[in-house]
1. From the set of residues in the range 502-534 that are surrounded by 24 or more Cβ atoms within 10 Å (Cβ to Cβ) and of a type in the set (D, E, K, R), which is nearest to residue 416 (Cα to Cα)?
2. Mind listing whichever residues of the range 41-77 are among the small types (Gly, Ala, Ser) and not in a strand (DSSP E or B)?
3. List every residue pair whose Cβ atoms sit under 6 Å apart, with the two residues 6 or more apart in sequence or on different chains, where the first one lies in the range 676-705 and is on the phi > 0 side of the Ramachandran plot and the second, anywhere, is open to solvent by 70 Å² or more (accessible area, probe 1.4 Å).
4. Looking at 8, 82, which one is part of a helix (DSSP H, G or I) and at pLDDT below 95?
5. Does residue 295 satisfy the criteria of being touching a strand residue (DSSP E or B) at 6+ places or on another chain (Cβ under 9 Å), open to solvent by 40 Å² or more (accessible area, probe 1.4 Å) and not in a loop (DSSP other than H, G, I, E, B)?
6. Has the range 402-418 got at least one residue that is open to solvent by less than 30 Å² (accessible area, probe 1.4 Å), without any contact (Cβ under 8 Å) to a residue 12 or more places away in the chain, more than 29 Å from residue 464 (Cα to Cα) and acidic (Asp, Glu)?
7. Just the residues that are over 21 Å from residue 532 (Cβ atoms) and of a type outside the set (Ser, Thr, Tyr), please, taken from the range 361-404.
8. Take the residues in the range 429-469 that are in contact with a Gly (Cβ under 8 Å, 6 or more places away or on another chain) and within 18 Å of residue 386 (Cβ to Cβ); name whichever of them is surrounded by the most Cβ atoms within 10 Å (Cβ to Cβ).
Amino acid sequence: MYILFNFNRDWMKFKMSRSLYWLYVLGCVCAVSSLRVGVGIADVTGPPAEIAFMGYANLEQTGHGIHLRQFARAFVLEDNANSTRVVFVSVDAAMMGNGVRKEVLKRLQKRYGNLYNEGNVILSGTHTHSTPGGFLLDFLFDLPILGFVKETYVAYITGILKSIIIAHNNLTPARMEYGEAELLDANINRSPSSYLRNPPEERAKYKYDVDKTLAQVRFVSPSNKIIGVINWFAVHPTSMNNTNRLISSDNVGYASILMEKALNGNKTLPGKGRIVCAFASTNLGDVSPNTKGPKCEFSGKVCDQEKLLCNLPKERCFASGPGRDMFESTKIIATKMFDTAMKVLNQKGEDLTGPVGVIHQFVEMPVQEVPPYDPVTETFNTSAAAGGCVPAMGYSFAAGTTDGPGAFDFTQGTTGTNPLWDAVRDFIAAPAPQDVACHAPKPILLATGRAKFPYEWQPRIVSCSVARIGGLFIAAVPGEFTTMSGRRLRRVVMKASGAKRVVIAGLSNIYSDYITTPEEYQAQRYEAASTIFGPNTLNVYLHKYHELAGALVTGGELDPGPAPPDFSDQLITLVPPVLWDSAPWGHEFGDCVKQPQKSYSYNDVVTATFVSGHPRNSVRHGRWFATVERQESASDDSWTVVATDADWETRFTWLRNSKILGTSHAVIEWEIPEGTPPGTYRLHHYGNYKYILGGIYPYHGFTDPFEVT
């Protein structure tokens, strides 16, 4: 009887423990299956010829080909437990604008109703300075591009839309993990004297004057396969300097390509892999990749860090490095980011358990009155209030930075005015007395908030979002936060939300220039002169994101705020259209007029020249202007594409021969990587030409075969 009793008792324990085990497993499965994640990537490359690049405001920096193509990398998160979706898209572009986002949402809603809307879609530009402009629909930002450029605008919209649709169609059960690591020797502060104006008690909390942490979120399937990765690291994508004429996604774009190739297989062409990896922008406002620091152009001497002046006439002060030229520097910084990201990926991650959520609000900055923030006590002074200003740019904005010096004789740290430049300013639009007082000590060079012709010069209304993915909060901000501005914002969001992990997604949805701390603002270096809403700009944002994060946690609702105005019917452009193309006498479009050699080895550069049409006739998303092909079988003349104009090893350069005759040629280069399989190869050029009597027609041509030995 005793034996029977013990047997029954033990059997019941076994059954109960087994039931609890399966309940636990079922709970884990349900927890995983309540989250679905989809990733997508699509080409967004803008017109690669005769369109100015956005970033350096250099009228002479117009495109002449492709170094690296631009991509949109979309991540769609769906939480079935609370019926919430969040879309985050990192775009290889200087920034994102309200017009692009609005049109993307319009097209999404035609497909999916209100599933994707103003509240849950975040578009974040990587901030590369080597991609076409003319898409922001704010006059000052499009002015150096000679106005609105429809080809850029449409390329971004269609590519971003396609990436989201792909991600939507690929939704699959997933879990999220967080990891981070320190990354050294990849960034420096380009305004260290401004940083030192922040309170010493606050600076003592941090080891460096720029953020050195690479933060990573990875999305993993139930079978432990990587679905996608988002990395955030604070660095300006300005390794490619303002002499560059080839479209390039710069250091962060190449880091993305390296990681995608590593995870998808090195034979996978850029933009074609199943796993999507983004290196997104964060608080990079005062952070440079040019780690050799500023030196004088001709003498090589270290520049005056405060004024950025050199002794020789017309000698510019600019930063470079760590490589011998901008291409090597780009590769070095990208490889450092890639190596660190892979190190984090291969370590055990922290589970980001918890719900998915997002909250959004449009904010009219000049009318905000908020309590100032004390960075030492990390509290708001509720007994006082300070407001934003009508947008304006200061004198030092025209001086540029060590990453890209400006024109004329403007210098950093200018707090006085010049009668001549004030007269020019007043001719465009004069600041009101309250503007001058509000922006002090900034001397106003451009009263952009008062300029109305031909339409708004800079935005008054910005887009503010906070997203939650489990235990990580993402503050999506509409501009470039400096290092300390970003640190304050992260701490405010942490305090309001109770989160341990907060990252900043920079240059999201609307672009409103820079955001410095009030202390940094007093120095009036480039970043401060470009803080368009005045010295209290950061305080307004801190108060707003504190409110947003709190509402996201508690489930509170906020007023959506005033929608930005629509200027799409007032846009102007001075960019001339492509009139026609013609081939030289005795040649056809696509003819190879300069053939490669017969044989090459590793690290050699293969070069060929083709009769070309204008690349603006078609951006050829997913179809390329240049490919490298390997012969698979001589018997049936079959060729396989092994590299495209999106790969690091290739360069596609377009050069105009005669505007009057409409003739041009394309140069295709391929630097043969080590490990390339020996065999027979050729270069292939694709394009479109515009016939003088109307119509656009495709063409292609290829080189004679050559051997790689």
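The values are calculated or read from the model by the stated rules, or taken from the named source; none is laboratory data. Here the structure is a predicted model, which means the values were calculated and not measured. Here the Cβ is made from the backbone with ideal geometry for all residues, glycine too, and neighbour counts use every protein chain on show. Quick note on the areas: whole protein, heavy atoms, side chains included, nothing else; ligands and nucleic acids left out. Shrake-Rupley method; radii C 1.70, N 1.55, O 1.52, S 1.80 Å.
1. Result: 525.
2. 46, 55, 57
3. none
4. The conditions single out 8.
5. yes
6. Scanning the range 402-418, I find no residue that is open to solvent by less than 30 Å² (accessible area, probe 1.4 Å), without any contact (Cβ under 8 Å) to a residue 12 or more places away in the chain, more than 29 Å from residue 464 (Cα to Cα) and acidic (Asp, Glu), so the answer is no.
7. Those that are over 21 Å from residue 532 (Cβ atoms) and of a type outside the set (Ser, Thr, Tyr): 371, 374, 375, 376, 378, 380, 381, 384.
8. If we take residues in the range 429-469 being in contact with a Gly (Cβ under 8 Å, 6 or more places away or on another chain) and within 18 Å of residue 386 (Cβ to Cβ), then 442 is surrounded by the most Cβ atoms within 10 Å (Cβ to Cβ).
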